[in-house]
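For reference, the structure discussed in these notes is given below.
The values are calculated or read from the model by the stated rules, or taken from the named source; none is laboratory data. In this text the structure is predicted, and so the values were computed from the model without any measurement. As a convention, Cβ positions derive from the backbone with ideal geometry for all residues, glycine included, and neighbour counts pool all protein chains shown.
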Amino acid sequence: MIEFIDETSCTACGKCVEICPTDVFDLASASAIIAHKEDCTSCMNCELYCPHDAIYVSPLKDPEVGLDRSAIIASGVMGSYRKALHWADGRGPSGTGDNWALQLRERQGERPPPPSDKIRTQLYSVRDRNLIG
Ligand code: SF4
Ligand code: SF4
């Protein structure tokens, strides 16, 4: 569940407001604010899209009790999900994205099909592409 926005990093760019599928955020003059925490589905999109790593979404379903915000920021965990999935500047990586199975197969030498193979190229770009042989 979304836990906090680090207002010192937030630039009020509005990306999280735009991207959140359940409209959890509102935009105030200086930063985004969490207006509807209870509507968060922990989809993590806001962490991926925030260009300043200002958002912390807890891995827990329910609000964290006694959450130490300063310790979380100091730990360097802010933005770690985005970095792990190779996102930058609000954009996902070209190619395999967050499909870990496909990333592994590419590291093992597999390459995308040629552009002329339109059906396989299309399938290659979807998440569960590892379902095809
Ligand atoms: S984790 Fe998903 S649902 Fe929750 S605030 Fe972020 S974008 Fe919205
Ligand atoms: S995406 Fe990040 S920087 Fe932009 S308004 Fe939301 S929290 Fe602030």
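Looking across the range 45-72, the residues that are more than 13 Å from ligand 2 (Cβ to nearest atom) and surrounded by 13 or more Cβ atoms within 10 Å (Cβ to Cβ) come down to S58, P63, E64, L67, I72.
Tallying residues that are assigned to a loop (DSSP other than H, G, I, E, B) and touching a Phe, Trp or Tyr at 6+ places or on another chain (Cβ under 9 Å) within the range 68-78 yields 2.
Looking at P21, P51, P59, which one is within 13 Å of ligand 1 (Cβ to nearest atom), part of a loop (DSSP other than H, G, I, E, B) and closer than 19 Å to G90 by Cβ? Let's see the steps before the verdict.
Values: P51 fails: within 13 Å of ligand 1 (Cβ to nearest atom); P59 fails: closer than 19 Å to G90 by Cβ.
Going through P21, P51, P59 in turn, just one is within 13 Å of ligand 1 (Cβ to nearest atom), part of a loop (DSSP other than H, G, I, E, B) and closer than 19 Å to G90 by Cβ: P21.
Scanning the range 31-44 for residues that are of a type in the set (G, A, S) and either outside the structural domain of D6 (by TED's automatic domain parsing) or under 25 Å from R91 (Cβ atoms) (or both), we see that the one that is farthest from ligand 2 (Cβ to nearest atom) is S42. Note on the range 13-26: among residues that are surrounded by 16 or more Cβ atoms within 10 Å (Cβ to Cβ) and of a type in the set (A, V, I, L, M, F, W, C), the one that is nearest to M78 (Cα to Cα) is C16. Taken together, the criteria place S31 among residues that are touching a residue at least 24 places away in the same chain (Cβ under 8 Å), more than 20 Å from S80 (Cβ to Cβ) and buried (at least 16 other Cβ atoms within 10 Å of the Cβ). Out of all the residues in the range 91-107, is one or more modelled with pLDDT of 75 or more, under 22 Å from A32 (Cα atoms), part of a strand (DSSP E or B) and not hydroxyl-bearing (S, T, Y)? Checked the range 91-107: at least one residue is modelled with pLDDT of 75 or more, under 22 Å from A32 (Cα atoms), part of a strand (DSSP E or B) and not hydroxyl-bearing (S, T, Y).
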